[in-house]
Amino acid sequence: MNDGESDSLAASDLLTPRDNLPWRSEAPTLKGWARPFIVDNQVTRAHRKSIIEQERTERTILRDTVDSELARLSSTKRRFWIAEYKFLEKQLTFRQLVAYAPSFLSLSRLMPEKLVYCRRMVVRKYLEQNTLPKSAFVAKLCRQFVRTSALFYPAEKLIEAVEKFLCLAARSADQSKAVNRHRVAMEVRALHLMSDREICDQFRCEEEYLNELELLTRYARHYRLTIDDIFRISAAEIRRFWNIEG
């Protein structure tokens, strides 16, 4: 092991899970668009793939259950809604899917397809009126948000969700290695500074917390983060970064 690898492992030691955190007994929230930033690289994709692989059996059972419920709809409606479910399935963890499935099935019975398209149009037009950096990555984020937001958020919260997404997209637009490396260091430092209650409020359940620690550990090793990289970040800098979200 060389010095760089040793330093990287030392930095990832800050990501050891805390014991006996005061988790609340409540359903997980849909947090796909509530992150402080998004890193789009091979580490993220590999992590996501590993989670889906671990959950494959449970996901298949849940999809079959949803599909059997959708079979009560007309063939046209069923095709539309099963396509939507398969898309959402890629955005959510299994735990989130389980919590969201009843609401999704209710929407499939109550929400006309035309209303789904209208909501998407509203979100798309709102995004087009705002200046976001032009890149393939940002365009992909916008397409994903347009499609999911129409189903994730009630009408009265849709624009608020769009505003938060705009901050997330702008903050994540630069996907250069140096910027992503600094973002990861800031999140590691932020977690290190959080109280036990703040961690529970941030992640809502132990599974989400452990998944995030695993991902950050992979990032720390990928970017060869050192202890110095973490501790040179001040609490004031972290507050400024998080406050961008509003």
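The values are calculated or read from the model by the stated rules, or taken from the named source; none is laboratory data. All values reported here derive from a predicted model rather than from experimental measurement. We place every Cβ from the backbone using ideal geometry, glycine too, and count neighbours over all the protein chains shown. Note: accessible area is taken over every heavy atom of the protein model, side chains too, but ligands, DNA and RNA are not part of it. Shrake-Rupley method; radii C 1.70, N 1.55, O 1.52, S 1.80 Å.
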(message) Being of a type in the set (F, W, Y) and in contact (Cβ under 8 Å) with a residue 12 or more places away in the chain is the requirement here; does Y153 meet it?
(response) no
(request) Filter region 94-110 down to residues that are under 26 Å from S75 (Cβ atoms) and either open to solvent by 40 Å² or more (accessible area, probe 1.4 Å) or in contact (Cβ under 8 Å) with a residue 40 or more places away in the chain (or both), then give me how many there are. (result) 8
(message) Would you confirm, using the coordinates I've provided, whether T217 is more than 26 Å from P102 (Cβ to Cβ), among the polar types (S, T, N, Q), part of a helix (DSSP H, G or I) and out of contact with any strand residue (DSSP E or B) (no Cβ under 6 Å at 6 or more places or on another chain)?
(response) yes
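Considering each residue of region 198-214, count those that are outside any helix (DSSP H, G or I) and under 14 Å from the mean Cα position of the chain (by Cα), and give that number.
Of the residues in region 198-214, 1 are outside any helix (DSSP H, G or I) and under 14 Å from the mean Cα position of the chain (by Cα).
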(request) From the list R204, R240, pick out the single residue that is open to solvent by 10 Å² or more (accessible area, probe 1.4 Å) and farther than 30 Å from E128 by Cα. (result) R204
(message) Here is a list: K49, K125, K114. Which entry is surrounded by fewer than 17 Cβ atoms within 10 Å (Cβ to Cβ), under 21 Å from the mean Cα position of the chain (by Cα), free of Cβ contacts under 8 Å to residues at least 12 places away in the same chain and at negative phi?
(response) K49
(message) Return the residues of region 112-165 that are over 21 Å from K90 (Cα atoms) and in contact with a Leu (Cβ under 8 Å, 6 or more places away or on another chain); say none if nothing qualifies.
(response) V122, L127, N130, L132
(request) Could you grab me the full set of residues in region 191-201 that are loosely packed, with under 14 Cβ neighbours inside 10 Å and closer than 26 Å to Q42 by Cα? (result) H192
(request) Scan region 207-226 for residues that are at pLDDT below 90 and open to solvent by 50 Å² or more (accessible area, probe 1.4 Å) and jot them down. (result) E207
(request) Go through region 198-242 residue by residue and tally those that are among the hydrophobic types (A, V, I, L, M, F, W, C) and touching a residue at least 60 places away in the same chain (Cβ under 8 Å). (result) 13
(message) Just to be sure I understand, how many residues within region 133-188 are open to solvent by less than 50 Å² (accessible area, probe 1.4 Å), in a helix (DSSP H, G or I) and not charged (D, E, K, R)?
(response) 28
(request) Name the single residue, out of those in region 53-93 being touching a residue at least 12 places away in the same chain (Cβ under 8 Å), open to solvent by 50 Å² or more (accessible area, probe 1.4 Å) and assigned to a helix (DSSP H, G or I), that is nearest to Q144 (Cα to Cα). (result) K86
(request) Please indicate, with yes or no, whether at least one residue in region 161-170 is aliphatic (A, V, I, L, M), in contact (Cβ under 8 Å) with a residue 40 or more places away in the chain, closer than 18 Å to Y219 by Cβ and in contact with a helix residue (DSSP H, G or I) (Cβ under 9 Å, 6 or more places away or on another chain). (result) yes
